[in-house]
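As structure tokens, the structure follows; a few thoughts come after it.
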Amino acid sequence: MAWTRKDLLSMRELDAGEITLLIDTAASLQEIASRDIKKVPALRGKTVVNLFYESSTRTRTSFEIAGKWLSADVINFSASGSSSSKGESFIDTAKNIAAMSPDVVVVRHSSAGAADLLARTLSCSIVNAGDGAHEHPTQALLDLLTIREKKGHFEGLHVAIVGDVAHSRVARSDLHGMRKLGMTVTVAGPPTLIPPYVQELGAKVSYRLEDAIGDVDVIMMLRLQQERMDAGLIPSLREYAHYWGLTLDKLAKHARPDVLIMHPGPVNRGIELAPEVADGPYSVILDQVSRGVAVRMGVLLLLAGRKGGDHA
Amino acid sequence: MSLLIRGGRVIDPANNVDTVQDVLIEDGKVARLGRSLEAPPGVELVDAAGKVVCPGFIDMHVHLREPGQEYKETVATGTRAAAAGGFTAVCCMANTHPVNDNGAVTDYILAKARVEGVVRVYPIGAVTRNLRGEELAELAELAESGCVAFSDDGKCVMNAGLYRHAMEYTLPFGAPIISHAEDSNLSGGASINEGVVSTELGLPGQPAAAEDVMVARDILLAELTGAHVHIAHASTAGTVRLVRDAKARGIRVTAEVTPHHLILTEDAVRSWDANTKMAPPLRTKRDVEALIEGLADGTIDCIATDHAPHALSEKEGEYDHAAFGIVGLETAVAVLLDRLVRQGHVPLATLIARWSRDPARLLNLPGGTLSVGAPADVTILDLDAETIVDPSRFHSRSRNTPFGGWQLRGGPWMTVVGGAIARAVKK
């Protein structure tokens, strides 16, 4: 199977074959991280622009390292240090960057649909690195790669995605990707943080943490943001942590012994995850981060290599 | 000056007329109707054989943007768009800059309309000063200056006590209060409907209840005050049900619906095209069905475009940052003739009534009929005209439509205002 898309915008638009190709490609590139000289010439002469309109540590760094290990020229553009602070529109900024002939633009933006907008406007490849609460496909891919490495397969696995599902692009991308690969997904959280009609996207819904984590292979904990309390969606962080925070005690009582604990980061220690859980034996949170670089190498390679550029 | 419109199928719902006959217009008024009328000397002839001759269409909800936002639209361009779209009169909303919340602004709009207007222009005055929802605008002066209704359209007057006073204060003027029914706490100003599409796209949604709650409140206030409340751009099944029940109980409530809420659903948002973003948002299939049913049975009194011009730069960026609203004047008639009438959802005579007789009645406007002596405002339709919507050819200054490229059958053919031809597509 060959990659044919110009862009990577969402997990929803991909089929199982495409997802598998992306994960396989990433898996094959993982060993670069353990080399003494972490560089292959695959994308020499290609330019990757990280266009970040929202703060990000993990994702931007991950794309930057991925591009550099593949020998691409990687340029970071963040909204604060750019002309967007002088009132230039997103579209104008993007067109200006496109005029400098990048091969791939990686975009992170607080508006849902921003990556799709760029893909329609620019002729270069676009990678969605998170658009509002819509999607974050490379996060889902690295989650999937991590799960496959730890569990050996996808079919039949059951995942609980717990927390602020309503505002989570990771939850949406994970849900689509996991469902397409034959996994069962339960989303869990207080009803105010569960998006309406999410069952129609193929998810089961639970309003009790103890029920949700009972019979699952993977627990994906989501970050709870302070804004949700200000918006009247939850009464307090204290109450949220009490009922929805994952502790060793709850895990021991309700979860299976071989369960994986995942989190897209950044973790609110003591809110959604007790520190002992985040650092504990169930946790694969740092594995996710290192798989992230491999996944982004794979994505950049498939997109930039699509035009017949030289391969590794 | 006189005009003889010959051989058209005249549909005049106010008089229960649907027959092929001629219409003679003299001195800006309908002079005679009948078969094979003799042409007086010097009369201008219009061969309307095969066409449908209707009372002039009135669009009771448009934004002409003048004064203040002439880069989006002006009285001149907006009324040209109206004429091109088959409308002989428009009512323009108060959210201009400055807001039409005093007689001087009303005077300005009417002066512009006299000089540059191609169709009749009826201003709608603000309910509250600067649309802030805090204190009443000078409602009596607005009425005296020529405002035909009052509305803070674009915003909902959240203060029920103040709104009640507005309804009471305007009772003597015989002009309705038009409600933009949107509880801003429930809607949160969200870009789209709350539903499966908002969940899938990760865009904040506003529930149908944000509209229904306010419609229910305004019906109760109409009952309390005896005022005539008109619900702008009904978009939900709940609104249809509430208005139907209120009418059955004798409360003075009326409602309008836009073409886009009759035709499109939230599914259109999946394109990420900001021309699917308006307030209220596109809803579900169930809502569309209820709106069509309400339009057919008279629960919904009229169709209005909510013509809301915006510059390209306000619509081309991020979806959640884009302006709310779409233009409608130049697509409304063709879209509904094709998608509602031709597909059998609503009879032609009903569509015509909801665009002429009914808005004229509810706003006490002249026109809305082709009775002898009525103003000679006439909309002539060509039910067979094949068009492809081409926004680049709009007369409006703005192009923000979700209907670009649509292939439609049937549309406006000629617009006659006060006995003069405002626009002919072809003759």
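Here, each number is a calculation from the coordinates, and none is a lab measurement. The shown structure was predicted, so the numbers you read here are calculated from the model rather than taken from an experiment. Note that each Cβ is placed from the backbone with ideal geometry, even for glycine, and that neighbours are counted across all protein chains shown.
Observations
- Computed [θ] at 222 nm, deg cm²/dmol, chain B (DSSP H ≥ 4; -39,500 (n - 2.57); rounded to nearest 500): -8000 deg cm²/dmol
- Positive-end residue of B:280, B:296, B:234, charge dipole of the range B:56-363 with Cβ unit charges: B:296
- Centre separation in Å (Cα based) which lies between the range A:117-176 and the range B:369-427: 48 Å
- Relative contact order (percent, whole number), chain B, Cα cutoff 8 Å, 6+ residue spacing: 20 percent
- Gyration tensor (alpha-carbon) shape descriptor, the range B:56-363, a/c threshold 1.5: rounded
- Of the DSSP H helices in chain B, those that are both long (alpha-carbon extent of 20 Å or more along the helix axis) and hydrophobic (Kyte-Doolittle mean at least 0.5) are B:209-225.
- When the convex hull of its Cα atoms is projected in every direction, mean area for the range B:1-120 (nm²): 8.7 nm²
- Cleavage-rule hits (trypsin sites (Lys or Arg not before Pro)) in the range B:26-55: DSSP loop, at most 13 neighbouring Cβ within 10 angstrom: B:35
- Global form of the protein assembly as shown, assessed from the alpha-carbon gyration tensor, a/c cut-off 1.5: prolate
- Structural descriptor for chain A: relative contact order 22 percent, calculated from alpha carbon pairs under 8 angstrom and at least 6 residues apart.
- Here the range B:339-397 is treated with +1 on each Lys and Arg Cβ and -1 on each Asp and Glu Cβ, and its dipole about the Cα centre works out to around 240 debye.
- FRET efficiency for residue A:120 and residue B:311, using Cβ-Cβ distance with R0 set to 22 Å, rounded to 0.05: 0.70
- The relative contact order of the range A:1-131 comes to 28 percent, based on Cα pairs under 8 Å that sit 6 or more residues apart.
- Rounded to 5, the percent of DSSP beta bridges in the range B:56-363 classed as antiparallel: 5 percent
- Per-residue HN-Hα couplings for the range B:86-95 [Karplus 6.51, -1.76, 1.60; θ = phi - 60°; Hz; x = Gly/Pro]: x, 9, 9, 8, 9, 10, 9, 6, 8, 7
- Per-residue [θ]222 nm for chain A (sum of -39500 (n - 2.57) over DSSP H runs n ≥ 4, rounded to 500): -11000 deg cm²/dmol
- Taking the average, over residues, of other Cβ atoms within 10 Å as the packing measure, peptides B:363-373, B:79-89, B:395-405 rank B:79-89, B:395-405, B:363-373 from highest down.
- Restricting the range B:240-279 to trypsin sites (Lys or Arg not before Pro) in coil, as DSSP defines it, with at most 10 other Cβ within 10 Å: B:249
- On Cα atoms only, tilt of A:58-69 relative to the major axis of chain A in degrees: 40 degrees
- For chain B, the dipole from Cβ point charges (+1 on Lys and Arg, -1 on Asp and Glu) about the Cα centre works out to 880 debye, to the nearest 20.
- Longest exposed-site-free window of chain A, the sites being GluC sites (Glu not before Pro) in a DSSP loop that have at most 16 other C-beta atoms within 10 Å: A:156-312
- Annotation for the range A:228-287: trypsin sites (Lys or Arg not before Pro) lying in DSSP loop with at most 16 further Cβ atoms inside 10 Å of their Cβ do not exist.
- Computed about the Cα centre, the dipole magnitude for the protein assembly as shown is approximately 1300 debye when only Lys and Arg (+1) and Asp and Glu (-1) carry charge, each at its Cβ.
- Annotation: amide H of residue B:254 within the under-5 Å range of B:229, B:230, B:231, sequence separation 5 or more or interchain, hydrogens built in the peptide plane.
- Tail weight of P(r) past 22 Å, computed on alpha-carbon pairs of the range A:137-288, percent: 32 percent
- Cut-off 9 Å between beta-carbons: net charge of the residues surrounding residue A:163, Lys and Arg +1, Asp and Glu -1: -1
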